[in-house]
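Report on the structure given below.
The values are calculated or read from the model by the stated rules, or taken from the named source; none is laboratory data. For clarity, every value in this text was computed on a predicted model and none was experimentally measured. We place every Cβ from the backbone using ideal geometry, glycine too, and count neighbours over all the protein chains shown.
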Amino acid sequence: MPGLDQRDYERLLAFRTGLRRFLYWSGQQAEAAGITPAQHQLLLAVRGHPDRRGPTIGDIAGYLLVRHHSAVELIDRAVTAGLVARQADSEDGRTVRIALTARGRERLETLAASHLEELARLTNRMHTLWAGLDAET
C-alpha cells in the first residue's frame, strides 16, 4: 500500500472509535434489557442463524469468536436465565441445537429494533469512513 497520509490515520481512528462507541452503546442497551452483552450476542446468533433447526454450539462459537467450551458456558448461563433451550437435532440425535425461548425472543426483538434504529442513524457516517478502506490495492 502506498504511503499513508494523516487523513488515512484520522479515518481509521474515527472508524474504530465509531465501532467501539456502537459496541459500548449496544452493551448498555443489553444491560438495560436485563441481559449481558454476551447473552445479547448469543440471542442474535441463534435468531440470525440461517438453518431452521437452529445453530449448533460450534456455530455459536464461530459467530461469537470464542472457543467451544466458552460457548457452552455462555449457553449454560442463558439456559438458566430462560433465554435459550437445547434441543436434539431432528436429523442427527448426536447433535445439539440451540433455540430461543419466548423470553429470549422477546428480549432480542426489543434490542434488535433499537439497534436497527441506531445503525440507520450511523449509516451515512460509517459509509463515509468505510469508503476507500475496501479498495483494491
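Counting only residues that are of a type in the set (Lys, Arg) and modelled with pLDDT under 90, which one in the range 95-137 is nearest to Ala78 (Cα to Cα)?
Arg121
What number of residues within the range 50-96 are within 18 Å of the chain's Cα centre (by Cα), in a strand (DSSP E or B) and of a type in the set (A, V, I, L, M)?
1
Determine the pairs where a residue that is farther than 18 Å from Leu100 by Cβ and loosely packed, with under 14 Cβ neighbours inside 10 Å, located within the range 62-78, has a partner that is among the aliphatic types (A, V, I, L, M) and modelled with pLDDT of 95 or more with Cβ atoms under 8 Å apart, the partner being 6 or more residues away or on another chain.
These pairs meet every condition: Arg67/Ala61; His68/Ile57; His68/Ala61.
Can you tell me which residue among Arg47, Arg11 is over 21 Å from Glu117 (Cα atoms), in a helix (DSSP H, G or I) and in contact (Cβ under 8 Å) with a residue 12 or more places away in the chain?
Arg11
Check off (1) in contact (Cβ under 8 Å) with a residue 60 or more places away in the chain; (2) out of contact with any His (no Cβ under 9 Å at 6 or more places or on another chain); (3) of a type in the set (D, E, K, R) for Glu106 and give me the number that stays unchecked.
(1)
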